[in-house]
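Written below as structure tokens is the structure these notes are about.
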Amino acid sequence: MRDLYNVRLRPTEAEAVAPLTDEEEQRFRAVLFSELGNEIADHGHARFPAYTPEDRRRLVDVAQRLTAYWGQQVFVEAEDLTRLRLHLAGHEARPRTLPTPS
């Protein structure tokens, strides 16, 4: 038998986390704008988790705000089901290639 540690049941719909208030949402987006903007400015790209549709909408909005602020397009692409990558032109993710058998 396998022991599972730190496993929790998912909350039911009634127990789900309440959405952010308008003020909390604005503050969170401001933090994302600042932190992701600094990361993109330093490295040309940034990755951030996006577990829900609201998380993805939030990151797309931040990319649009950064585009307007910098006057340079900030692109958004999904890396997998739970993470988005924001990047400037020229900093696209390199395609992953599978090793070929010899």
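The values are calculated or read from the model by the stated rules, or taken from the named source; none is laboratory data. Values in this document were obtained by computation on a predicted structure and should not be read as measured data. All Cβ positions, glycine included, derive from the backbone under ideal geometry; neighbour counts span all protein chains shown. All accessible areas refer to the heavy atoms of the entire protein, side chains included, with ligands and DNA or RNA removed. Shrake-Rupley method; radii C 1.70, N 1.55, O 1.52, S 1.80 Å.
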Qualifying residue in segment 59-68 (condition: open to solvent by 60 Å² or more (accessible area, probe 1.4 Å), within 22 Å of VAL31 (Cβ to Cβ), part of a loop (DSSP other than H, G, I, E, B) and modelled with pLDDT of 90 or more): no
Whichever residue in segment 28-58 is open to solvent by less than 70 Å² (accessible area, probe 1.4 Å) and basic (Lys, Arg) and, among such residues, is nearest to ARG83 (Cα to Cα): ARG58
